Amino acid sequence: MIGGKGMSQETVLILDFGGQYNQLIARRVRECGVYCEVRRYTTPLAELKAMAPIGIIFTGGPGSVYDPAAPQADPEIFKLDVPILGICYGCQLLAHNLGGKVTAAQSDTAREYGKTETFFDTKCKLFQDLPERSVTWMSHGDYMERVPQGFTLAAHSAACPNVAICDEDRGFYGVQFHPEVAHTENGTAMIRNFLYEVCGAAGDWSMGDFKHSAIQAVREKIGQGKVLLALSGGVDSSVAAALMAEAVGSQLTCVFVDHGLMRLNEGDEVEAAFRQWDVNFIRVNAKALFLSKLAGVSEPEAKRKIIGEEFIRVFEAEAKKIGRIDYLVQGTIYPDVIESGLGDAAVIKSHHNVGGLPDYVDFKEIIEPLRLLFKDEVRQLGRELGLPEYLVTRQPFPGPGLAIRVIGDVTKEKLDVLRLADFIFRDEIAKAGLEKTMNQYFAVLTNTRSVGVMGDGRTYDYTVALRSVTTDDFMTADWTRIPYEVLDRVSVRIVNEVPHVNRIVYDITSKPPATVEWE
Ligand code: XMP
């Protein structure tokens, strides 16, 4: 696999039993400076042993350990002499395997959901130096009726006497709550205690090391081969391209399809960022082509489809000009890998299809150099590689670009109006220092024109809508409470500086019921 940990790095194994917060556990471990990988509970023990983990975390899961069909761990895992932290289902699994008894909670009191006041024994290494009393996030219907021999109770709540158990001699710990979620106060500190106090981690996970080992692995893999990458200008593809550029230089060709639907100066910025490397950088000017294909089309899904198809066609034509290609690079990142089932063959195929490209381009193999990194790690790697800050902190931008922010049919004139209005909005947000208070913000050119007055004359011009959302995951989002005076400055500047706009509105709808984008 390309881009794994460095040879000397310590690894924590996260054994996945199907819980909903598994990605978060991995995220927290990495935040604590320790490298980790998530593996399915079905992974053969020999493979897990080969990772030489310094610690193992059992995740939560939807099952009940006493159900014969429930996911089980290989019992030999308890004999590896490696510390284990079991979380929720993982805790019950630990108890069940080591001689304890887990049953369905008989009463509503022992079945706990949500924020729960919890009392800790701070002599237990897991809770060392933390408050004796804090809130944890519970979500369990099963209950440890009898804890295994050798274990002591290390935390309790009003409803449940055994919220946490530990066997310090063997380094086995179990918690019924979820330390990885933000609702658990001091949760990350508990994970840190497990890593550093129990597993003896040194905390050697750094992006600088990752960069060097990834570059070395890429060079070994590719040899003299030729590599192709579709650069979108987004963070992931840009960082993947920078890594490959650093590793194999002129063996890499980046194809950047400029469809003319990007924000102000964005195409030039992406191109400029790659001048520092000796790579083949092809910027295909396909602006006229995309505009002609989009002419008169106002239905949002039709626009998306046209843009997706045209993109592939243009990319394919460029790839054919290059001739033989050995490797195709994709900017897949770890959340995609975890969400789609932890990297087995079927998954690679689904990325294949999602990307759409491999079916059209003849190549030997796909390389995903970022497949072990979380988004903020990708940004950090981008910085290590010398990409400019505006590229690595870029907010998400939809593939179909401004075409789905010009409501109705798309023309060059409308795109130019939108580009300028959008730039002014972003510029004022930056000047007010508010970028970090919102996750995505942009302007939309509505299809509505209205009457206004400018100077002594009547105007009949476009309405621009401003949109900004604050969100963790983009599945739900709240509209951002931007201060009125900032909105006012944006409004005054847009109507004064952008021709054909005489009215500004601010979108105050959350998702749901609205979506982030207007189309
Ligand atoms: P919605 O509008 O669905 O947006 O609430 C959620 C997030 O997804 C982005 N988005 C897209 N990204 N192709 C993309 O690559 C698309 O067609 C697309 N549509 C929406 C949107 O910008 C937001 O971050």
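The charge dipole of segment 126-178, taken about its Cα centre with unit charges on the Cβ atoms of Lys, Arg (+1), Asp and Glu (-1) only, comes to about 120 debye. Of interest is the spacing of the C-alpha centroids, which for segment 322-338 and segment 262-291 amounts to 20 Å.
Axis of helix 22-31 versus longest Cα principal axis of the chain: the two differ by about 90°, to the nearest ten degrees.
Within the chain, antiparallel bridges make up roughly 50 percent of the DSSP beta bridges whose residues both belong there.
Net charge dipole, the chain: roughly 880 debye, given to the nearest 20, about the Cα centre with Cβ charges of +1 for Lys and Arg and -1 for Asp and Glu. Applying both filters, DSSP loop and at most 12 other Cβ atoms within 10 Å, to the GluC sites (Glu not before Pro) of segment 121-178 gives 132. Annotation: lysines with alpha-carbon distance below 17 angstrom to residue 303 (same-chain offsets under eight excluded): 287, 293, 412, 414. Which aspartates and glutamates have a Cα lying under 19 Å from the Cα of residue 221, excluding residues fewer than 8 positions away in the same chain? Partners within reach: 209, 246, 326, 362, 365, 368. The C-alpha atoms of the chain define a longest principal axis, and helix 345-355 lies at about 20 degrees to it. Each residue of segment 75-140 gets 106 Å³ once the volume of the Cα convex hull is shared out per residue. Here the extension length gained between residue 375 and residue 269 equals 36.1 nm, from 0.36 nm per residue of separation less the Cα-Cα distance. Candidate cross-link partners of residue 115 among the aspartates and glutamates, defined by an alpha-carbon separation under 15 Å and a same-chain spacing of 8 or more, comprise 180, 185.
Tally Lys/Arg at +1 and Asp/Glu at -1 over every other residue whose Cβ is under 12 Å from the Cβ of residue 379; what's the total? Mind dumping the intermediate values first?
Numbers: positive: 375, 383, 394; negative: 236, 376, 377, 384, 389.
Local charge sum for residue 379: -2.
The trypsin sites (Lys or Arg not before Pro) of segment 422-503 meeting both criteria, a DSSP state outside H, G, I, E and B (loop) and at most 12 other C-beta atoms within 10 angstrom of the site's C-beta, are 481. Going 7 Å from the Cα of residue 115 along its beta-carbon direction, which residues of segment 455-496 have the amide nitrogen within less than 19 Å of the resulting point? Only 472 fall inside the zone, counting backbone N under 19 Å.
Here the dipole of segment 358-427 is about 200 debye; that uses its Cα centre as origin and unit charges on the Cβ of Lys and Arg (positive) and Asp and Glu (negative). Note on residue 481 and residue 313: their simple-model spin labels are 4.9 nm apart, each label 7 Å out from Cα toward Cβ. State the answer as a single residue: which of 232, 124, 69 lies farthest towards the positive end of the charge dipole of the chain, with beta carbon charges of +1 for Lys and Arg and -1 for Asp and Glu, about the Cα centre. Comparing the listed Cα positions along the dipole, 232 ranks first. Working from label points 7 Å from Cα in the Cα-to-Cβ sense, the residue 492 to residue 130 distance is 5.1 nm. Taking the longest Cα principal axis of the chain as reference, the axis of helix 207-222 is set at about 80 degrees.
Here the spin labels are modelled as points 7 Å beyond Cα on the Cα-Cβ line, and at residue 282 and residue 514 they lie 4.1 nm apart.
Summarised in one figure, the compactness ratio Rg/Rh of the chain, Cα atoms and Kirkwood Rh, is 1.03. Considering only alpha-carbon pairs that sit under 8 angstrom and 6 or more positions apart, the relative contact order computed for the chain is 11 percent. Built from the Cα atoms of segment 125-224, the convex hull projects on average onto 9.6 nm², one quarter of its surface area.
Please go through segment 102-170 and write out the trypsin sites (Lys or Arg not before Pro) that DSSP classes as loop and that have at most 12 other C-beta atoms within 10 Å. Sites meeting the loop and neighbour criteria: 123.
Quick note: the coordinates plus some simple rules give every number you see, no bench work behind them. These numbers come from a predicted model, not from an experiment. Every residue, glycine as well, gets a Cβ built from its backbone with ideal geometry; the counts of neighbours run over all protein chains shown.
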